[in-house]
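Encoded as structure tokens, the structure appears first; notes follow it.
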Amino acid sequence: MLQIGIVIYDDAEVLDFAGPFEVFSTAARLCDSAPWQVSLISENREVMARGGFPVKSHFTLADYPSVDVLLVSGGAHCAGMENPALLEAIREAGDAASWVTSVCTGAFLLAEAGLLTDQRVTTHREDSADLRQRFPALDVQENVRWVEDGNRLTSAGISAGIDMSLHLVEKLHSRKLAEDTARQMDYAWQQ
């Protein structure tokens, strides 16, 4: 069974992690045998996401399992950029993962951890110029929902992470499962 790990932190954008979590967990529910398990990973077990939304993660940076898919959520990422423990855990998880992905400003954390170097990427439209300035070797794409470059998959903000996650369901399993998942979620998948 594949392991999908979603990294969150204080002030993570709620839909940046909850949207993909819902996609992957709904897709697994629609299968006779779940093809993956999805979990939240954070430095501390309890996280206060944006808007004061309390979240209890499945794993901490000290006890998370090896992941096949790493997804780093966006949000107020600046403190994470200065957090060596978080960046090292992201780097280690990404080095072992088959897919390295992010939603919104999670791309900054992937780049700071050395997992995005010169790939085509995207982020929230309000953060594109900053990502380009801080990591000039990245080919930052604008006005797109997600960008796939090899096994790196980055998305724009918030709901774009749901679209990207549905795309990843298609890559990991099938187009049919992705479409069935979008239908189950009553979500208009923008491809």
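If you scan the stretch 120-139, which residues turn out to be surrounded by 24 or more Cβ atoms within 10 Å (Cβ to Cβ) and free of Cβ contacts under 8 Å to residues at least 40 places away in the same chain? Across the stretch 120-139, the qualifying residues are 121, 122. Looking across the stretch 171-188, the residues that are within 25 Å of residue 125 (Cβ to Cβ) and surrounded by fewer than 18 Cβ atoms within 10 Å (Cβ to Cβ) come down to 171, 185, 187, 188. For residue 18, the criteria (1) open to solvent by less than 10 Å² (accessible area, probe 1.4 Å); (2) outside any strand (DSSP E or B); (3) out of contact with any Leu (no Cβ under 6 Å at 6 or more places or on another chain); (4) within 22 Å of residue 156 (Cα to Cα) hold in every case but one, which is (1). For the stretch 34-58, a residue qualifies if it is among the aromatic types (Phe, Trp, Tyr) and open to solvent by 50 Å² or more (accessible area, probe 1.4 Å), and exactly one does: 53.
The values are calculated or read from the model by the stated rules, or taken from the named source; none is laboratory data. Bear in mind the structure is a predicted one, so any value in this text is a computation, not a measurement. Here the Cβ is made from the backbone with ideal geometry for all residues, glycine too, and neighbour counts use every protein chain on show. We work out accessible area using only protein heavy atoms, side chains counted, and drop any ligands, DNA or RNA first. Shrake-Rupley method; radii C 1.70, N 1.55, O 1.52, S 1.80 Å.
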